[in-house]
1. Using the Karplus curve 6.51 cos²θ - 1.76 cosθ + 1.60 with θ = phi - 60°, what ³J(HN,Hα) values do you get for each residue of the range 244-250, in whole Hz, with x for Gly and Pro?
2. How large is ³J(HN,Hα), in whole Hz, for each residue of the range 322-328 in order, when computed from phi with the Karplus curve 6.51 cos²θ - 1.76 cosθ + 1.60 and θ = phi - 60°, using x for Gly and Pro?
3. What does the helix-only formula give at 222 nm for the chain: each DSSP H stretch with n ≥ 4 adding -39500 (n - 2.57), the total divided by the residues, and the result rounded to the nearest 500 deg cm²/dmol?
4. Dipole of the chain, Cα-centred, from +1 at each Lys and Arg C-beta and -1 at each Asp and Glu C-beta, to the nearest 20 debye?
5. Rolling a 1.4 angstrom probe over the protein heavy atoms, how many square angstrom per residue are accessible across the range 314-403?
6. Round to a whole number: what % of the accessible area of the range 180-233 belongs to carbon and sulfur, probe 1.4 Å?
7. Give the carbon-plus-sulfur fraction of the accessible surface of the range 333-487 in %, rounded to a whole number; probe 1.4 Å, heavy atoms of protein chains only.
8. Apply the Karplus curve 6.51 cos²θ - 1.76 cosθ + 1.60, θ = phi - 60°, to the phi angles in the range 417-422 and return the couplings in whole Hz, x for Gly and Pro.
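The values are calculated or read from the model by the stated rules, or taken from the named source; none is laboratory data. Worth saying up front: this structure is predicted, and the values here are computed from it rather than measured. In this analysis, Cβ positions are derived from the backbone assuming ideal geometry, glycine residues included, and neighbour counts consider all displayed protein chains. Remember, those area values only see protein heavy atoms, side chains included, never the ligands or the DNA or RNA. Shrake-Rupley method; radii C 1.70, N 1.55, O 1.52, S 1.80 Å.
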Amino acid sequence: MSGKGFDEDSVSRELELIAKGHKISSWKSPLGEIFHLDLPHTVYPPKEDTNLLAKRLVKLGSGNGKKCLEIGTGSGILSLLCRRQGWQVEACDINPIAVASAREMFSQNYADDIQVFEGGPGPREDGGVTQWAKQKNYDLIFWNLPYLNVDYDAELLGPLEDAALIQTEGKDLFRLVVKKIHEHQLLSNTGIGLFLVGESKSNEQLANIAAKSGFACRVVDTETFDDGEEIKIVAVWRPFVNAEKIHQTTVASTSTELLSTNWPIGSSLSSDYQTDGHGRRGRRWDNSGEVLACSWKIGNSFDIPPNILQLICGVIVKQCLQQHNQSADRIEIIQKWPNDILLKQDGKVRKVCGVLIESITKGDVTETVIGIGINLSESESMPVYKIPAGFAKSLNKDLNRTTLQSEIDCRLAGLFDQHPSIPKANLASYHKLANKSVTDGFTASSKLFYRNYEVSFDSVNSDGFVIVYDQNNQQIICDEGESLKWKF
């Protein structure tokens with residue numbers, strides 16, 4: 001079992017709780033219907049987390065007969081809610097008493113067609129995935145994951161109910177379930193997974209876990225309790241499923257080529273070699289021995305300036321590289337305003353990546369493309385610029401273009417993909433991340449010069465421009481990276 005300390009004493013306590021009989025719980029659905037549930041003491045009753053997940057499930061609208069799987073069904077009330085929303089529902093739970101209780105509740109509510117199986121993803125399985133997930137390509141998978149990361153020693157909870165609240169010791173159930181969904185093709189190409197998680201993982205960590213299994217990730221709901229504890233619902237899905245993903249051996253410029261097409265949002269174009277790759281103001285981008293050169297069409301309408309979008313996409317790349325930072329000697333990853341990612345090691349700084357936003361207007365529509373160039377491995381012919389080239393394989397020798405491109409694709413989709421069942425991303429929160437990342441980049445330098453005069457960094461304004469102060473305490477607004485010189 002999953003509960004911490006499930007030993008002989010725990011078994012005895014479980015049996016004592018079962019012998020006590022049942023408890024009556026009342027629950028009001030987001031649609032106003034009231035349910036009275038007669039539950040054994042070891043079955044998790046509907047609570048605040050149930051309410052949050054129920055509201056999100058109702059917002060999905062009618063299931064229209066599509067396939068749905070609930071993991072850890074507990075009382076079964078959310079599976080019943082989905083069934084009444086028109087989903088074809090299956091459910092599972094590791095608690096055999098919960099399975100029996102849910103079956104009885106379904107029978108009483110004329111929902112005998114909901115199939116319930118004993119089992120689920122966990123550190124100990126007494127059978128394969130098909131024991132608890134009988135099909136593939138579900139259109140919806142959801143799970144109210146255990147989210148407490150402390151010992152929960154309430155007298156009324158037995159070990160089986162503890163499993164509904166406490167994270168399994170030493171196991172990351174979100175990582176586990178996302179990996180199993182990917183490996184066993186449990187989610188359809190257009191399907192979504194909804195997982196209620198606690199605050200033990202940051203949004204960045206959740207996005208990284210999802211990306212490693214080929215999923216986009218977005219926090220869609222949050223709730224904070226009176227004691228300050230936060231829970232959130234994370235949506236995962238296949239990134240940009242309606243987009244084109246094209247690779248060409250040689251291309252003039254991935255961004256220029258992509259802007260000339262009518263491919264849908266999320267489409268990407270990558271190349272082994274760019275004959276006319278460029279950075280800001282048309283500056284030449286040279287290819288390293290192995291390079292990720294890829295551009296993505298990210299949309300046509302944003303509420304924030306292009307410079308901020310560029311900084312946000314820079315954060316995405318920095319986060320992705322940071323997850324692969326396994327160097328024996330510590331390498332610092334720096335986001336350098338306005339569009340570079342640097343590697344700093346032993347006092348030496350090198351440029352590993354350039355990020356560039358470009359747009360084109362077609363009639364009344366402005367299309368935006370983000371171009372990302374990452375040097376992976378060194379080439380003898382690499383020219384030396386003012387900042388020498390750095391290489392991502394210094395972070396992890398096993399890093400490759402396919403992995404990086406897939407993970408960046410997933411992370412960009414978490415920001416820009418327009419899935420019909422998932423609300424838009426909160427770009428304002430990423431704006432804050434970008435400001436902090438860029439600020440950290442400025443503080444990583446020992447000196448900063450504006451037109452050969454030493455200045456001090458102050459902040460990044462709402463347009464993505466940098467505010468500095470000269471030695472006379474006069475404010476200067478910099479809108480071009482070339483006007484600033486860094487010394488590390």
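1. These are the phi-based 3J(HN,Hα) values: 8, 10, 10, 10, 10, 4, 9 Hz.
2. For the range 322-328, the Karplus curve yields 4, 5, 9, 7, 10, 5, 5 Hz.
3. Working: 11 runs with 127 residues, N = 488.
Using -39500 (n - 2.57) per qualifying helix, the result is -8000 deg cm²/dmol.
4. Values: 52 positive and 63 negative charges, 331 e Å.
Dipole magnitude for the chain comes out near 1580 debye.
5. Working: 4210 Å² over 90 residues.
Using a 1.4 Å probe on heavy atoms only, each residue of the range 314-403 averages 47 Å².
6. Values: 790 of 2140 Å².
Summing carbon and sulfur atoms, their accessible area is 37 percent of the total for the range 180-233.
7. Details: 3600 of 7720 Å².
Its accessible area is 47 percent carbon and sulfur atoms.
8. 5, 10, 7, x, 9, 10
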